[in-house]
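Visitor: Right, I'll just put the structure down here and ask away after.
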Amino acid sequence: IESICDYIWNDYVTHNNRCTLTRFSITQTSEYQQCITMFGDKWQEIVHDHIIRMLSAIKSFDSPKYVVKGDRIGYRQAGHDICFRTHYGYKTMWVYYFEHHVNNVISASSLNSQIAIQVTCGEFSYAEIPKRFDVIMGVTGTLRQLSKFERDAMDKEYGLKVHTYMPSLFGPNKNKFSPQHDVQLSSADRFHEDLKNEIIKRLNDHASPRCVFVFFENSAKLSSFYECEEFQAFQQQTRIVTEKLAFKEKEAEITRASQSNRITLLTKSFGRGTDFKVMDSLVRNNGGPHVIQTFVSLEKSEEIQIKGRTARQGGDGSYSIVLTGDQLVDIGIQKSEAAQALQNGNLYATIDKKRNEQFEEEYKRITARVRRSERSHQKSIRFLEALQQSDLDQIKNALCSLNQS
């Protein structure tokens with residue numbers, strides 16, 4: 001395997017970073033013949049297919065953009081964090097070749113760990129797995145907020161026809177939020193100043209300071225605010241919680257977040273399921289924690305979850321939203337329309353209507369992806385069944401089906 005990979009790489013380098021090998025010419029090389037022969041007749045089809053994939057991948061391995069750190073290759077995710085577990089097949093292998101042979105920043109041992117025939121053994125769909133369960137039960141605090149499309153999926157795809165609504169053990173929710181007064185619209189150049197002012201106002205709007213949780217769409221936007229000039233005076237009383245923290249660090253920061261006079265900046269993933277226990281009596285007796293959301297949730301259920309990080313278990317709390325006109329343009333609300341809606345006191349209702357329309361379109365795209373992944377899922381199930389039956393012919397057929405270009 002290493003010999004055929006080295007041969008393809010040398011061809012690429014020899015011809016000024018251009019691969020001249022074709023589907024036919026590669027089969028005429030001794031390296032190809034040795035590699036094919038090593039695996040025997042039964043697996044030649046799969047090995048051949050993957051060698052062709054290598055030829056295709058070497059033509060564009062520099063995309064998507066990657067980062068070299070700690071003798072590893074990582075890729076930036078949607079939240080701008082770097083993930084070293086993400087792998088783009090043979091593209092990533094060629095990145096290791098390039099950074100080892102050209103830039104000398106990847107070690108030989110790290111490169112060698114990536115040289116392999118990357119046989120796909122299964123692609124399972126999370127949407128399909130529950131259909132094999134004997135029983136499906138669930139508990140959620142956002143059942144009433146599900147869209148028509150989500151309800152239809154629960155009913156028709158998974159047979160969830162019985163819904164039971166139960167009141168809270170702690171009585172009516174005390175979360176204070178006024179759609180007319182607690183949604184603030186800012187401009188891009190004033191956003192940091194306006195957000196800082198909202199934080200300080202909410203921190204000190206009772207007899208004693210309470211605490212404020214600010215949720216951002218991703219860590220890049222969080223860092224941009226934390227490091228801005230407008231917020232420098234408040235950095236000392238501020239903590240940051242992102243996915244980068246180790247588990248124990250996250251737990252410690254979440255525990256400290258509900259202390260009086262504390263500001264905590266978090267990425268949106270912590271808006272679901274994170275339990276902020278309010279042990280500080282100053283916070284409990286002065287309005288509870290205040291939550292600020294700085295982005296538009298396309299799914300109403302996500303917003304409900306973020307809002308629900310305060311006023312928990314019968315306690316007090318409040319919630320507000322600070323957005324820019326540009327964020328609203330992204331969901332189809334023009335700045336003039338947003339300004340007029342704000343003046344009329346119905347900006348939140350306008351956002352709610354538009355995001356429901358956006359979600360409807362996004363749900364159609366999600367459904368199409370689910371249907372495509374269903375085919376791979378069924379192929380993977382057949383492979384598992386063949387393994388369980390020790391049927392070598394069916395195992396080979398299933399693997400060949402999963403690995404077709």
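Visitor: Would you rank LYS396, LYS221, LYS244 by solvent-accessible area, highest first, keeping every protein chain in place and using a 1.4 Å probe?
Guide: Correct descending sequence by accessible area is LYS244, LYS221, LYS396.
Visitor: To continue, here is another question. Could you pull the accessible area for TYR165 with a 1.4 Å probe, rounded to 10 Å²?
Guide: 90 Å²
Visitor: Something else now. Give the distance, in whole Å, between the Cα centre of region 263-293 and the Cα centre of region 99-125.
Guide: 43 Å
Visitor: Another question about this same structure. Share of region 352-405's accessible area from carbon and sulfur, percent, 1.4 Å?
Guide: 46 percent
Visitor: Counting heavy atoms of the protein chains only and a 1.4 Å probe, report the per residue accessible area for region 104-160 as a whole number of Å².
Guide: Each residue of region 104-160 exposes 68 Å² on average to a 1.4 Å probe.
Visitor: Determine which lysines satisfy two conditions relative to LYS161: a Cα distance under 25 Å, and not lying fewer than 8 residues away in the same chain.
Guide: LYS131, LYS148, LYS300, LYS364
Visitor: Now a separate question. Can you give me the accessible area per residue for region 172-232, using a 1.4 Å probe, in Å²?
Guide: I get 51 Å² per residue for this part.
Visitor: Another one. Quick one: in the chain, what % of C-alpha pairs are over 29 Å apart?
Guide: 61 percent
Visitor: What does the extension gain come out to for LYS59 and SER168, with contour length at 0.36 nm per residue minus their alpha carbon separation?
Guide: 33.4 nm
Visitor: Can you bin region 22-131 into rounded, prolate or oblate? Criterion: square roots of the alpha carbon gyration tensor eigenvalues sorted a ≥ b ≥ c, rounded for a/c under 1.5, prolate for a/b above b/c, oblate for the rest.
Guide: Oblate.
Visitor: Of the heavy-atom accessible surface of region 114-153 (probe 1.4 angstrom), what whole percent is carbon and sulfur?
Guide: Answer for region 114-153: carbon and sulfur cover 56 percent of the accessible area.
Visitor: I'd like the FRET efficiency for SER113 and SER224, computed as 1/(1 + (r/R0)^6) with the beta carbon distance as r and R0 of 45 Å, rounded to 0.05.
Guide: After rounding to 0.05, the efficiency reads 0.80.
Visitor: To continue, here is another question. For PHE149 and SER260, FRET efficiency with R0 = 41 Å and r from the beta-carbon atoms, rounded to 0.05?
Guide: Using R0 = 41 Å, I get an efficiency of 0.45.
Visitor: At 1.4 Å probe size, with no ligands or nucleic acids counted, give the accessible surface of ILE306 in Å², nearest ten.
Guide: 0 Å²
Visitor: Which aspartates and glutamates have a Cα less than 13 Å from the Cα of LYS59, not counting those fewer than 8 places away in the same chain?
Guide: Cross-link targets: ASP11.
Visitor: Could I ask something else about it? Can you bin region 257-405 into rounded, prolate or oblate? Criterion: square roots of the alpha carbon gyration tensor eigenvalues sorted a ≥ b ≥ c, rounded for a/c under 1.5, prolate for a/b above b/c, oblate for the rest.
Guide: oblate
Visitor: Pull up all non-local amide H partners of VAL291: gap of 5 or more, or a different chain, and H-to-H distance under 5 Å with H placed in the peptide plane.
Guide: The answer is PHE213, SER318, TYR319, SER320.
Visitor: When ranked by the protection proxy of mean other Cβ atoms within 10 Å per residue, highest first, what sequence do the peptides 56-67, 227-238, 287-298 form?
Guide: 287-298, 56-67, 227-238
Visitor: Explain nothing, just the number: relative contact order of the chain, from Cα pairs under 8 Å at least 6 residues apart, as a whole percent.
Guide: After rounding, I find 18 percent.
Visitor: Please work out the C-alpha center-to-center distance from region 15-44 to region 54-77 and express it in whole Å.
Guide: 23 Å
Visitor: So how tilted is helix 191-203 from the main axis of the chain? Cα-based, degrees 0 to 90, rounded to 10.
Guide: 50 degrees
Visitor: Students often get this wrong: which residues of region 185-199 have the backbone nitrogen under 20 Å from the point 7 angstrom along Cα-to-C-beta of GLN334?
Guide: What the label zone holds, given the 20 Å backbone N cut-off, is 185-188.
Visitor: Tell me the mean residue ellipticity at 222 nm calculated for the chain from its helices only (DSSP H runs of n ≥ 4, each -39500 (n - 2.57), averaged over every residue, nearest 500).
Guide: -13500 deg cm²/dmol
Visitor: Let me ask something else about it. Based on alpha-carbon centroids, what's the gap between region 174-204 and region 308-327 in Å, whole number please?
Guide: 10 Å
Visitor: Still on this structure, please answer the following. Determine the order of MET38, MET154 by accessible area, beginning with the largest, at a probe radius of 1.4 Å.
Guide: Putting MET38, MET154 in descending order of accessible area: MET38, MET154.
Visitor: Mind checking which lysines have their C-alpha under 27 Å from LYS42, skipping anything on the same chain fewer than 8 residues away?
Guide: LYS91, LYS379, LYS396
Visitor: In cubic angstrom, how much convex hull volume per residue do the alpha carbon atoms of region 189-329 span?
Guide: Cα-based convex hull of region 189-329, divided per residue, equals 104 Å³.
The values are calculated or read from the model by the stated rules, or taken from the named source; none is laboratory data. Keep in mind that this is a model prediction, so the values were computed, not measured. FYI the Cβ positions are ideal-geometry reconstructions off the backbone, even for glycines, and counts take in every protein chain you see. Ligands, DNA and RNA are excluded from the accessible area calculation, which covers all protein heavy atoms including side chains. Shrake-Rupley method; radii C 1.70, N 1.55, O 1.52, S 1.80 Å.
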